[in-house]
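The values are calculated or read from the model by the stated rules, or taken from the named source; none is laboratory data. Being a predicted model, the structure only gives us computed values, none of them experimental. Cβ coordinates were reconstructed from backbone atoms using ideal geometry, including for glycine residues, and neighbour counts include every protein chain displayed.
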Amino acid sequence: MDELRRTVREAVSWAERELAAAGVDAPRLSAELLAGRAFGLSRLGLITHHTDTPAPGSMDTFYALVARRAAGEPAAYILGEREFFGLDFRVTPDVLIPRPETEGIVEEAQRLFLADTPLVFADFGTGSGALAVTLAHEFPAARGLAVDISEQALAVASGNARANGVAERLDFVRADFTTLELPAASLDLLVSNPPYVTESEYAMLSPEVRDFEPALALVSPEEGLAHIRGLLPVAVRALRPGGVLLCELGCGQGPAALALTSESGPGLCNVTILKDYAGLDRILKAFRAD
């Protein structure tokens, strides 16, 4: 270990330079996250202990983590965890890494329902369980159904439900949600972050996404709209009158989603497209007509 890598601060600065040179996203953040894991420090600890000298063994660990990140592996997979809506989630390459844009679905649910509402909801394409677990956490009287076609994803999601103390109020079902038959008028809320990336878009994605995250959870046929088209009739049947559908979209899919709702979702009304904090189309919101 050379002189420039002796302290925590110097190690983080070295890693930032290495990761920036490798062209990874957010090199400073990645360097700090990996240093925190290798040195057993929180983000605050990296500051308060910045002049400490890491043990040689922890530096070896740090070098190995930085090498993985420099090769493009997402930090969330390296660390095995990601924060979503203030909760900690275990993530593996079997599930998408939860993203801040998806938190808008939870925020909209909080605007629509009181916290003590005994919601009955479903989460289609649950992946890590980020939406299902968070909704169960934020609505303590709620019960939910978490659906995914991947058995491995459901294992991750159920583990996250246990870790966050909501497993007793969630049921996990392996199924294709576009053909799922739920009891009629059984849901107050249906949420989904379905596959919506087109095949051409997938080819252009960052290697950090394309080479590591599951294509099954990303790509949808029919210009990215097949899964959204498929869930609309299921939503119409399963939602109670006045019930709500909140479905994440690609940022350019708003107009097409509105047209699809008219075509494939008769029985849904007050259909709108909600924008994310960047001002991009992000969530299809629709109510079940009375």
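For (1) modelled with pLDDT of 95 or more; (2) over 21 Å from LEU119 (Cβ atoms); (3) surrounded by fewer than 17 Cβ atoms within 10 Å (Cβ to Cβ), each residue gets a yes or a no:
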| position | (1), (2), (3) |
| --- | --- |
| ALA153 | yes, yes, no |
| ALA157 | yes, no, no |
| ASN160 | yes, no, no |
| ASN193 | yes, no, no |
| PRO207 | no, yes, yes |
| ALA217 | yes, yes, no |
Point to revise | Test: VAL24 is in contact (Cβ under 8 Å) with a residue 60 or more places away in the chain and buried (at least 17 other Cβ atoms within 10 Å of the Cβ) | key: yes
Review point. Just wondering, is there one or more residues in the stretch 131-149 that are within 26 Å of PHE287 (Cα to Cα), surrounded by 24 or more Cβ atoms within 10 Å (Cβ to Cβ) and of a type in the set (S, T, N, Q)?
Key: yes
Review point. Conditions: (1) touching a Ser or Thr at 6+ places or on another chain (Cβ under 9 Å); (2) on the phi > 0 side of the Ramachandran plot. SER128 meets all but one. Number of the miss?
Key: (2)
Check your understanding: ALA115 versus (1) assigned by TED's automatic domain parsing to the domain that holds GLY250; (2) closer than 24 Å to LEU280 by Cα: which is the lone unmet condition?
Key -> (2)
Review point. Is there a residue being in contact with a Lys or Arg (Cβ under 7 Å, 6 or more places away or on another chain) and within 22 Å of ALA238 (Cα to Cα) anywhere in the stretch 116-134?
Key: yes
Review point. Looking only at the stretch 162-175, which residues are of a type in the set (A, V, I, L, M, F, W, C) and within 17 Å of LEU119 (Cα to Cα)?
Key: VAL166, ALA167, LEU170, PHE172
Practice item. Can you work out which of the residues in the stretch 30-44 that are in contact with an Asp or Glu (Cβ under 9 Å, 6 or more places away or on another chain) and of a type outside the set (Ser, Thr, Tyr) is surrounded by the most Cβ atoms within 10 Å (Cβ to Cβ)? Key: ALA31
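Here is a yes/no grid of residues against (1) under 30 Å from ILE78 (Cα atoms); (2) among the small types (Gly, Ala, Ser); (3) in a helix (DSSP H, G or I); (4) modelled with pLDDT of 95 or more:
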| site | (1), (2), (3), (4) |
| --- | --- |
| GLU181 | no, no, no, no |
| LEU190 | no, no, no, yes |
| ILE228 | no, no, yes, yes |
| LEU231 | no, no, yes, yes |
| THR261 | no, no, yes, no |
| ALA278 | yes, yes, no, no |
| ARG282 | yes, no, no, yes |
Point to revise | Enumerated helices (runs of 4 or more DSSP H) restricted to the stretch 2-51, each holding at least 3 residues that are of a type in the set (D, E, K, R), modelled with pLDDT of 95 or more and within 25 Å of the chain's Cα centre (by Cα) | key: 27-39
